[in-house]
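The values are calculated or read from the model by the stated rules, or taken from the named source; none is laboratory data. Note that the structure is a prediction, hence the values are computed from the model and not measured. Cβ sites come from the backbone with ideal geometry, for glycine too, and all protein chains shown count toward neighbours. Just so you know, the surface numbers come from the protein's heavy atoms only, side chains and all, with ligands and any DNA or RNA stripped out. Shrake-Rupley method; radii C 1.70, N 1.55, O 1.52, S 1.80 Å.
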Amino acid sequence: MIESMISAFAEITSGAHLLYLFGGVIMGLVVGIFPGLGGIVGLSLLLPFLYGMDPTSALAMLIGLVAIIPTSDTFTSVLMGIPGSSASQATVLDGFPLAKKGEAARALGAAFSASLYGGVIGAIVLTFFIVVARPVILLFTSAELFMLTILGLSMVGVLAGNCLSKGLLACGLGLMFGALGGAPATGEFRMSFDNAYLGDGLPLVVVGLAMFAVPEIIDLLRSGGAISKSAKLGSGWTQGFKDMWAYRWLCTRCAGIGCIIGALPGLGGSVVDWIAYGHVKQTAKDSSQFGKGDIRGVLAPESANNAKEGGGLIPTLLFAIPGSGSMAVFLGGMELIGLEPGPSMVDGKLNLTYVIIWSLALANVIGAGCCLLISKNVARLTTIKYVYLAPFMVMVICFAAFQATRDLGDLLVLFAVGLVGIMFKRFGWPRPAFLIGFVLADNSETYLYQAVQFYDWGFLLRPGVIIIFVLTVISIWFGARNAPTGETEMANENKPKPTNMKPQAYFAAFVVFLFTWGLIDGVQHSFLGAVYPVGICLVMLPIAMRLFYVTAKNRTEHAANYDYEVEGDHAGQEGVPGLVYYLTWLAGFIAAVMLVGFWLAITGFFLIFLRVHSDAGWTRIVTMITCGVGFITGLSWIMALNFPGGLLQYYFKLPWPLS
């Protein structure tokens, strides 16, 4: 073992290895900054360049890219309120409010410092755990993995806000949306209207962008100013580093959570940031500022999502079982360069295993250092008037959403789920609870089905299941300790309350309709295909009907009584364009894409939107169009990514990029 460590250390400190590692970090930095792409796209783009390369050099590039994406995807999460990837969704909750307060540099500094810390912790844990990991990982069967999904769902109570019923219903909607498509047990298509696109289920990237990006873009446009209300960027990344060091034990705990979750196949990075965020909110003595700009809400998920990459390497290297989508592509890269993962990675190839592990730590140091150096300048984006950024952000999220399945249905789902996200924000429904339910829906159903098939209902008595159940109860207890005292508690007694609750009642009625539709659709399938969605709808329908009753009766003293149009930032403002106005712009853009294709549609959208809403002259408008469209065109060419085509491209053969 000592000899393997010495050999690995000599390899990672060689000039060639460091050069390739740095190259992978730079590529990962570019991919990570662009929201919605993530590690799967980045690794897939890198694979063609690995042919004929020396295995250790190729591994250096792979590891460099894997390590930096969970760090660099923080830029858009903090600055724009748009999740850079599924692993940075929880960062939006407190990172974006900090940016709006003028503390973007501090938030980014804290995030990158925590990412560095978490990545190094993950590599240290992996160094000592790799030789004994195999028997431990084998203890986790489908029964224990099912209980872990229940542990993740227990975070809903923490993220429910002042109305628990809204939190439960949001999670229930997420579970139902996640169950859309093929049933894991039987392959039956549920709630899909016999549509091929819906039969595959809704892509997580599209749902995440729709729930968080679309509402924020429209809200910022209505504000009429910049993201940050102050041109002051705060005390910069050095203050962020001090924040990380002040809460280093919190970061250590969350990094440990990231290592554990990352090591369990199937859960991956889509849930680890939410579990870490729920943990810090549960254990905080004062949780009143979470969601409003609490720096701990940035540190916890960022330290966890980088540490999970180290944990994810355990099943990938030892069992050739990828722990996440990016690890699946990483596995393909290893096989491409002639390396076969398995028990031999601990026996005959231990030195190569340590090269991978320590390269991961080194890449985190290099990547976080690069991000820290540029964070203060990048944070100045928040001081630009948002009307100039909006067309660029619409272009980015629509282009990123399209890369999920390369189908125009991605854009339609972005708009439809975006409408739901807007209503969630307006009426105080917790969007994180929805996303947790959506992420865990497939895993919870699959693992439950497998556990019952393998162990019958006796799986509930397995020691590992009981231990995780106890942890879940403790999690719920911690969450309940800081929860509101009752459903009648007011969200903020100092703010004016809406006297007309009809809009909320209409939305509650829509939720009742969705669960009713899910129930009717579910009973038409076989028992194994129906039991999961039917069970969800049967539990959620009474809660939804009770909420509808409360809002329909106009009970303004109830905690369900919240309307962002009355209590939010636009309350009392005159002349502020409504939601419908900006939704019409977005709908018009998507319709234009379907008619003339993405490239022509975004060029026209830039031109018309800036001419109508900005005070810029023609020279500035043309310059912005050239820069924005030129950027997306260059990115598409370099990364070989497609533009969405429309009817024009269907009937006529056009040259690239119009094709």
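Taking region 582-611, which residues are of a type in the set (Val, Ile, Thr) and surrounded by 14 or more Cβ atoms within 10 Å (Cβ to Cβ)?
Ile590, Val593, Val596, Ile602, Thr603, Ile608
Suppose we filter Gly262, Gly268, Gly236, Gly278 for residues that are within 25 Å of Met393 (Cβ to Cβ) and modelled with pLDDT under 85; which single one remains?
Gly236
Taking region 492-551 only, how many residues are at pLDDT below 85, in a loop (DSSP other than H, G, I, E, B) and of a type in the set (A, V, I, L, M)?
Of the residues in that region, 1 qualify.
Condition first: farther than 12 Å from Val66 by Cβ, in a helix (DSSP H, G or I) and modelled with pLDDT under 70. Now tell me which residues in region 304-327 satisfy that.
Answer for region 304-327, where residues must be farther than 12 Å from Val66 by Cβ, in a helix (DSSP H, G or I) and modelled with pLDDT under 70: just Phe319.
Evaluate the following for Ser192: is it over 17 Å from the mean Cα position of the chain (by Cα), surrounded by fewer than 21 Cβ atoms within 10 Å (Cβ to Cβ), within 29 Å of Thr551 (Cβ to Cβ) and of a type outside the set (D, E, K, R)?
Taking the combined requirement at face value, the residue does not satisfy it.
Does region 269-276 contain at least one residue that is aromatic (Phe, Trp, Tyr) and touching a Phe, Trp or Tyr at 6+ places or on another chain (Cβ under 9 Å)?
no
Taking the condition at pLDDT 70 or above and either part of a helix (DSSP H, G or I) or crowded, with 24+ Cβ neighbours inside 10 Å (or both), does Leu126 pass?
Against the criterion (at pLDDT 70 or above and either part of a helix (DSSP H, G or I) or crowded, with 24+ Cβ neighbours inside 10 Å (or both)), Leu126 qualifies.
Does region 207-216 contain at least one residue that is within 19 Å of Lys292 (Cα to Cα), open to solvent by 10 Å² or more (accessible area, probe 1.4 Å) and among the acidic types (Asp, Glu)?
yes
Pairs only if they're at least six apart or on different chains, beta carbon under 9 angstrom, first in region 459-483 and part of a helix (DSSP H, G or I) and open to solvent by less than 80 Å² (accessible area, probe 1.4 Å), second at pLDDT below 85 and charged (D, E, K, R); list them, first residue then second.
Phe459/Glu144; Gly464/Glu144; Val465/Glu144; Ile468/Glu144; Phe478/Lys281; Gly479/Lys281
Mind telling me which of the residues Ser659, Ser614 ends up being outside the structural domain of Val396 (by TED's automatic domain parsing), farther than 15 Å from Ile217 by Cβ and open to solvent by less than 50 Å² (accessible area, probe 1.4 Å)?
One residue alone meets the criteria, Ser614.
Might you let me know whether region 172-188 holds any residue that is at negative phi, of a type in the set (Ser, Thr, Tyr), open to solvent by 20 Å² or more (accessible area, probe 1.4 Å) and modelled with pLDDT under 85?
yes
Can you tell me which residues in region 426-449 are of a type in the set (Gly, Ala, Ser) and under 16 Å from the mean Cα position of the chain (by Cα)?
Ala433, Gly437, Ala441
Among what's in region 552-581 and is buried (at least 20 other Cβ atoms within 10 Å of the Cβ) and of a type in the set (A, V, I, L, M, F, W, C), pick the residue that is modelled with the lowest pLDDT.
Only one residue fits best here, namely Ala559.
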